[in-house]
1. Across the range 524-576, what is the number of residues that are in a loop (DSSP other than H, G, I, E, B) and either among the polar types (S, T, N, Q) or more than 20 Å from Lys463 (Cβ to Cβ) (or both)?
2. Collect the residues in the range 224-245 that are in a loop (DSSP other than H, G, I, E, B) and either touching a Ser or Thr at 6+ places or on another chain (Cβ under 6 Å) or under 24 Å from Asp310 (Cβ atoms) (or both), keeping them in residue-number order.
3. Hey, among Arg615, Arg642, which residue is part of a loop (DSSP other than H, G, I, E, B) and either of a type in the set (Val, Ile, Thr) or out of contact with any Phe, Trp or Tyr (no Cβ under 7 Å at 6 or more places or on another chain) (or both)?
4. Out of everything in the range 86-123 that is among the small types (Gly, Ala, Ser) and at pLDDT below 95, what residue ends up being nearest to Glu144 (Cα to Cα)?
5. Which numbered condition in (1) on the phi < 0 side of the Ramachandran plot; (2) crowded, with 18+ Cβ neighbours inside 10 Å is the only one that Ser560 fails?
6. Check the range 364-374 and report whether any residue there is assigned to a loop (DSSP other than H, G, I, E, B) and either crowded, with 23+ Cβ neighbours inside 10 Å or modelled with pLDDT of 95 or more (or both).
7. Pick out, from the range 410-491, the strands (runs of 3 or more DSSP E) lying fully within it that include 1 or more residues that are surrounded by fewer than 16 Cβ atoms within 10 Å (Cβ to Cβ), in contact (Cβ under 8 Å) with a residue 60 or more places away in the chain and acidic (Asp, Glu).
8. Check the range 680-693 and report whether any residue there is buried (at least 21 other Cβ atoms within 10 Å of the Cβ), outside any helix (DSSP H, G or I) and either under 29 Å from the mean Cα position of the chain (by Cα) or not aliphatic (A, V, I, L, M) (or both).
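The values are calculated or read from the model by the stated rules, or taken from the named source; none is laboratory data. Only a predicted model underlies this, so the values are computations on that prediction, with no experimental measurement involved. Positions of Cβ are generated from backbone atoms using ideal geometry, with glycine treated the same way; all protein chains shown enter the neighbour counts.
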Amino acid sequence: MKIQDALLVPALILCLVVAAVAADKPKLSLEDSFNSVDVHAEISPDGTAVAITATRADWDQEIFRSDLWLYRASSGSLIQLTNSGHDSEPRWSPDNRWIAFLSERKSTSAKSSDSDDKTGEKETSQLYLISPSGGEAFAVTSGEEDVHSFAWSADSKKIYFATRTPWTKTQTDDYKKEWKDVLQYRESERGDAIYALEVATALANHDAAPAKETSDAEKEATGTPGAQQVATSPLRVESLVASPNGGQLAFVSNSISQRQEKMDEVEIYTVSLQTNSATPRRVTNNSAQEVAPRWAADSRHIFFTVEIGDVIGPYRDLQPHLYWVDSETGAVEQWSKDFLGTATNYAVSGATVLVAGRLGTEVQIYSATQPSGSPHMLNGWEGTYEDITTAAHSSRIAFIYSALDRPAEVYLAESVDKLQEAQPVTFFNRLFTERALPKGKPYRWKVDDGTTVEGMLVYPPGKFEAKNLPTFVFIHGGPADADGNHFESDWYQWAMLAASNGWLVFEPNYRGSTGYGDKFLMGIVPQIVSRPGKDILEGVDALVKDGVSDGDRLVVGGYSYGGYMTNWLITQTTRFKAAVTGAGAVEHIANWGNDDTTFDDAYFLGGRPWEVPERYHDEAAIFQMEKVRTPTHMVGGADDIRVAVLENYLMEHALTSLGVPNKLLIFPGEGHGLGKNPWHGRIKVREELKWLQKYGGVGAN
């Protein structure tokens with residue numbers, strides 16, 4: 001035997017052993033897939049610890065529990081900090097002594113103004129402190145108003161927080177006397193106030209409770225003893241951040257109702273902490289929705305990304321990019337203009353900016369030190385990086401990482417140069433490593449106008465790159481989003497479960513998706529469903545032609561914009577044996593009026609309903625519903641205003657009148673996302689799988 005052959009023998013044996021072990025793993029079950037844990041993290045300023053938010057289903061209580069955990073690098077220990085089930089958004093004090101967070105715990109100090117309230121308790125989002133060294137968390141704010149956002153001062157001596165401007169008891173009683181339970185739409189809305197609370201005062205309040213009596217005047221003025229008003233705003237205050245030099249606050253405004261009807265209601269403002277002015281100063285003035293502001297080290301520039309819109313010129317949807325604005329002049333500059341992809345998340349570390357950038361089906365970490373420079377991709381693993389967080393006084397970074405075959409966990413790296421040496425600090429999703437997970441790969445095809453379109457193929461376990469497979473065309477929402485090499489298992493993204501039930505899952509990143517350039521994303525305008533619809537159908541044609549998919553065993557589905565597309569596609573072809581759709585519109589006029597983001601609807605269609613009525617007609621599934629033959633399963637949240645639940649009823653009525661098999665599930669108390677009761681999402685997917693099996697002929701484990 002040759003030496004080379006001898007070396008190959010143990011390698012072959014190892015491969016066979018690995019394959020046998022993988023074959024012994026059970027497939028992902030419905031129960032498994034709904035026991036995933038969602039994680040978020042923030043590293044401490046000195047890099048020695050990581051505060052972690054873990055959200056999971058509590059099936060007995062019928063809620064999603066959100067609790068805080070702490071990882072200590074020195075001992076490698078992970079301990080649970082809180083256990084209320086309602087805790088989120090942990091933020092370290094700059095001196096590492098405290099973790100502040102928001103919690104929606106029931107509190108008798110937040111009395112309901114409703115005289116019929118028998119319990120005297122009301123769930124409001126209040127600000128809490130906990131020491132990372134141990135001890136119980138305690139509330140530092142109180143009152144009937146939710147805390148919308150908060151920030152630490154640079155010296156750790158104060159916490160700034162924003163709430164809706166409180167009413168006195170007299171104001172509340174007067175309103176109720178005149179209006180009873182009637183809501184004056186818009187007229188009864190009021191803006192926010194920003195307060196400063198000394199940490200020493202908060203500690204004194206905690207030590208004195210419940211002995212200390214607070215005057216009615218003090219309660220009515222702030223709701224929180226010792227809090228001093230810093231500024232007021234006619235708008236909602238979100239994403240408060242304090243400058244490193246302690247001289248200013250910055251925040252992003254939003255409409256009071258949080259309905260996105262006017263772009264000028266979403267801007268960046270600053271508040272001087274060195275003057276007596278209580279009036280925030282507007283810094284940006286554009287047609288974009290700014291999010292995630294952070295001060296640069298110079299205490300002059302403010303970084304931010306844009307969720308929708310454009311910082312220059314009239315409204316148009318671009319990919320999320322990274323910008324900064326000069327807080328003194330208002331000049332805005334985009335970082336890394338030559339990067340084709342999108343900025344999904346970023347962190348600032350001194351003069352260096354780290355960006356989780358989506359390019360195609362991968363989300364990698366890039367670094368940049370100058371706005372005009374090209375970003376440098378760091379040497380990491382293939383997959384998806386999220387929630388990058390840096391330490392102010394350490395080279396360590398923490399982040400969330402996942403891939404199709406690696407469930408999401410929090411990782412800690414010694415520096416940006418050692419990403420591949422990063423170690424997981426949580427194991428909340430270890431269950432999934434004990435299951436036979438699907439494998440996947442990107443797939444590309446050319447469409448009628450010569451554009452190359454990409455998507456992901458997720459194969460059934462043990463059938464990677466097999467041919468002639470039954471195929472589930474699973475369409476992402478947004479539309480400004482994309483599917484790729486990441487792990488997710490919930491009611492919205494359940495491709496892994498579908499693959500485990502025998503389907504090849506095809507996730508097309510159609511025109512309008514992110515990660516492929518602004519031109520590709522804007523290609524959806526003004527053909528909001530017909531253009532991406534062609535991209536998707538031609539992708540299906542390519543899969544069948546290549547022998548990957550069985551053309552006689554095709555099904556389709558999606559949620560939100562994925563629901564829009566599903567509703568449209570079943571009017572364009574009868575090739576799909578079954579459809580599962582959720583929270584998707586079938587027309588655009590009523591949806592424009594009921595949607596809480598009306599300006600992007602008008603943008604996608606090229607105008608408001610009375611300006612381009614023919615387009616609202618031509619791009620609507622309802623006017624072609626007579627072509628539908630596909631058995632269709634529908635779901636919707638009873639309180640959805642992003643895509644009004646009435647769209648589901650409209651589609652159900654149309655299909656029923658046509659004699660097309662259909663089923664509609666309505667989830668009480670849920671909005672656009674099914675985030676209230678975990679049973680709702682589980683039932684949704686359970687029934688959708690049954691529907692695909694019944695009419696598509698595939699789906700049994």
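1. 11
2. Passing the criteria: Thr224, Pro225, Gly226, Leu235, Ser243, Pro244, Asn245.
3. Going through Arg615, Arg642 in turn, the sole match is Arg642.
4. Here the answer is Ala110.
5. Failing condition for Ser560: (1).
6. There is no residue in the range 364-374 that is assigned to a loop (DSSP other than H, G, I, E, B) and either crowded, with 23+ Cβ neighbours inside 10 Å or modelled with pLDDT of 95 or more (or both).
7. Once the strands (runs of 3 or more DSSP E) in the range 410-491 are filtered for at least 1 residues that are surrounded by fewer than 16 Cβ atoms within 10 Å (Cβ to Cβ), in contact (Cβ under 8 Å) with a residue 60 or more places away in the chain and acidic (Asp, Glu), nothing remains.
8. Within the range 680-693, not a single residue is buried (at least 21 other Cβ atoms within 10 Å of the Cβ), outside any helix (DSSP H, G or I) and either under 29 Å from the mean Cα position of the chain (by Cα) or not aliphatic (A, V, I, L, M) (or both).
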